[in-house]
Each structure stands twice: as C-alpha cells, then as structure tokens.
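Could you have a look at this structure, given as structure tokens, before my questions?
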Amino acid sequence: MDKSVRRYLSEIGRCGGKKSKRKLDSETARRMVAVREARRIYRSFYVKCFWSYDPNYKITAKDIPWVIEQLMKNGDRFALEAAKKLCRLQNSK
C-alpha cells in the first residue's frame, strides 16, 4: 500500500472516533426526525392523499398534524399505519 494512501486512511480513521461538535438536544433531534419522516410520507402518499396540494411543498414541524389528518382522512390501511408512526414520532418524549 502506498504511503500517501496509508496516511489518508489513518487520518480519516482518527476522525471517526472524535466526538461530534454539533450541539443538539434530544427534543430538537426528535423533532428533526419527525419532520424528515413527514416529508418522506408526504412524497410517498402524494398521489393518494395529497394530490391537490403542491408536490414540492416543504413540510415543517407545524405541518405534521395536518399530514397526519390528511393520511387518516384520505388514505388506505398503509396510510393509516404511516399516520400512526408519525403520531408516535411527534409525541415521543
């Protein structure tokens, strides 16, 4: 193995053990996960539940209850399962 490759692998290996410099409390992290999941669900169920809304709409934390409501009102069994999952994420403490 070339010395430069060995040095590079050594350097990136050291970075893996360093603690993240990002300061993120658990509540904010949970909210970020819930928003990410709501965005994924919005895209996945767009045709069935959100067809009359902008396909490029950017879901935020305040939109999560609306996403859940639309899934329950317009969705099938799979949409209801997704709504349950989103409710759990939103209400987790």
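What is the local net charge at Ala79, summed over the other residues whose Cβ is closer than 11 Å to its Cβ (Lys, Arg +1; Asp, Glu -1)?
Charge balance near Ala79 sits at +3.
Treat every Asp and Glu Cβ in the stretch 25-91 as -1 and every Lys and Arg Cβ as +1, leave all other atoms uncharged, and give the resulting dipole magnitude about the Cα centre to the nearest 20 debye.
Once rounded to the nearest 20, the dipole reads 140 debye.
Do any of Lys23/Lys62; Lys23/Lys84; Lys48/Lys73; Lys23/Lys85 go past 21 Å between their Cα atoms, and which?
Exceeds cut-off: Lys23/Lys62; Lys23/Lys84; Lys23/Lys85.
Something else about it: For the stretch 25-91, what does the convex hull of the Cα positions come to per residue, in cubic angstrom?
In the stretch 25-91, the Cα convex hull volume per residue is 70 Å³.
Mean separation of Cα pairs under 8 Å and 6+ residues apart, divided by the residue count of the stretch 25-91: what relative contact order is that in percent?
41
I need the peptides 36-43, 61-68 ranked by packing, meaning the mean over residues of other C-beta atoms within 10 angstrom, with the highest value on top.
36-43, 61-68
Moving on. Name the helices (complete DSSP H segments) of the chain with a Cα length along the long axis of 24 Å or more and a Kyte-Doolittle mean of at least 0.0, or state none.
none
Every number in this text was worked out from the coordinates using simple rules, so none of it is lab data. These numbers come from a predicted model, not from an experiment. Don't worry about glycine lacking a Cβ; one is built from the backbone with ideal geometry, like all the others, and counts go over all protein chains shown.
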